[in-house]
Amino acid sequence: MGEELIIYSDLDGTLLDVKYSFHDALPALQEVKRKDIPLIFCTSKTRSEILYCQGEMDVEGPFISENGGAVFIPEGYFRDVEFDGMIEGYGVIELGTRYEKLRRILGEIKLECECEIRGFGDLSVEDLMEISGLDRRSAELSKRREYDEPFLMECSVEERERVIELIREKGLGYTRGGLFSHLMGDNDKGRAVNILTETFRRNGFRGRTVGLGDSCNDFPLLDNVDVPVLVRKPGGGFADFMREDLVKTEGVGPVGWNQAVLDIIGGLY
């Protein structure tokens, strides 16, 4: 029997391509399922979006939503774990700031800078479909936010820096994803990954952790796993992340994800 693994994966741009398809990753997804390897989605997507993606990919188990805003663990999945609450059959470990507060502070920031800012809460479902290419169902699910406010900025580089400075002054966090900037609390993907990995270890896990991502908001994830995998972007380049043992995929998005996961399962790394 091979070494135990846990795989943490971003979705957009990593396991999903620009058309939000995971078709090119099916061989690796099937092998992950065959070997009963936990596949943990760790993404900026909402709980509702992740549950939909899990259903589409036939994936079960814990997940991390909204850039580490919360860890969700199915009830009964572990023996030893404490939750902040329960929701729809999942125990929740809350790490982020509630969405209502994020919206209020984003409103304050809009008044204090000359940057045109549009958050998810300002956008209609139709706006999101046009900007992101999401279908209607996915756009509706993406607006069910709990711990993270994605937003767009239209302004100079200097004004962008001012917005980020204001976010820090107000005690909140900022990160950059594929399409959107993100306003959030004192949370990131890495902190959530550490908490979930420690929970696995308390419940008997003795293997290695793998992390796959493609954007700046994935850097904390890649920093906190044993095998970090940086996925190539559609233009052929990579996000600016460095680590001595970093694995870089040859293929873009789910093509690269597929090969890297098969290689890792096969013992190449």
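The values are calculated or read from the model by the stated rules, or taken from the named source; none is laboratory data. Just so it is clear, the structure is predicted and the values come from calculations on it, not from any experiment. Here the Cβ is made from the backbone with ideal geometry for all residues, glycine too, and neighbour counts use every protein chain on show.
This table checks each residue for (1) surrounded by 16 or more Cβ atoms within 10 Å (Cβ to Cβ); (2) part of a loop (DSSP other than H, G, I, E, B); (3) among the small types (Gly, Ala, Ser).
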| position | (1), (2), (3) |
| --- | --- |
| Gly171 | no, yes, yes |
| Leu183 | yes, no, no |
| Thr197 | yes, no, no |
| Arg201 | no, no, no |
| Gly204 | no, yes, yes |
| Val231 | yes, no, no |
| Gly236 | no, yes, yes |
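Within the stretch 215-238, the set of residues being touching a residue at least 40 places away in the same chain (Cβ under 8 Å) and either closer than 28 Å to Arg34 by Cα or within 17 Å of the chain's Cα centre (by Cα) (or both) comprises Ser215, Cys216, Asn217, Asp218, Pro220, Leu221, Val225, Val227, Val231, Lys233. Residues in the stretch 55-97 that are touching a Phe, Trp or Tyr at 6+ places or on another chain (Cβ under 7 Å) and of a type in the set (D, E, K, R): Glu66, Glu75. Take the conditions (1) part of a helix (DSSP H, G or I); (2) touching a residue at least 40 places away in the same chain (Cβ under 8 Å); Leu128 misses just one of them, which is (2). Report the residue count in the stretch 12-45 for those that are on the phi > 0 side of the Ramachandran plot and buried (at least 19 other Cβ atoms within 10 Å of the Cβ). Counting residues in the stretch 12-45 that are on the phi > 0 side of the Ramachandran plot and buried (at least 19 other Cβ atoms within 10 Å of the Cβ) gives 1. Can you name the number of the only condition in (1) over 16 Å from the mean Cα position of the chain (by Cα); (2) surrounded by 20 or more Cβ atoms within 10 Å (Cβ to Cβ); (3) part of a strand (DSSP E or B) that Met86 fails? Here Met86 clears every test but (2).
Residue pairs whose Cβ atoms lie under 7 Å apart, separated by 6 or more positions or on different chains, with the first residue in the stretch 150-166 and surrounded by 13 or more Cβ atoms within 10 Å (Cβ to Cβ) and the second assigned to a helix (DSSP H, G or I) and acidic (Asp, Glu), are Leu166/Glu112.
Return the residue satisfying two criteria in turn: it lies in the stretch 239-269 and is hydrophobic (A, V, I, L, M, F, W, C), in contact (Cβ under 8 Å) with a residue 12 or more places away in the chain and assigned to a loop (DSSP other than H, G, I, E, B), and of such residues it is surrounded by the fewest Cβ atoms within 10 Å (Cβ to Cβ). Step through it out loud before you land on a result.
Step one: of the stretch 239-269, the residues hydrophobic (A, V, I, L, M, F, W, C) are 239, 241-242, 246-247, 252, 255, 257, 260-262, 264-265, 268.
Still in the running and in contact (Cβ under 8 Å) with a residue 12 or more places away in the chain: 239, 241, 246-247, 252, 255, 257, 260-262, 264-265.
Filter once more, keeping what is assigned to a loop (DSSP other than H, G, I, E, B): 239, 241, 246.
Details: Ala239: 19, Phe241: 17, Leu246: 13.
The selected residue is Leu246.
Residues of the stretch 43-73 that are out of contact with any Pro (no Cβ under 7 Å at 6 or more places or on another chain) and assigned to a strand (DSSP E or B): Phe63, Ile64, Ser65, Ala70. Of all residues in the stretch 102-124, those that are surrounded by fewer than 16 Cβ atoms within 10 Å (Cβ to Cβ) and either assigned to a helix (DSSP H, G or I) or outside the structural domain of Glu154 (by TED's automatic domain parsing) (or both) total 6.
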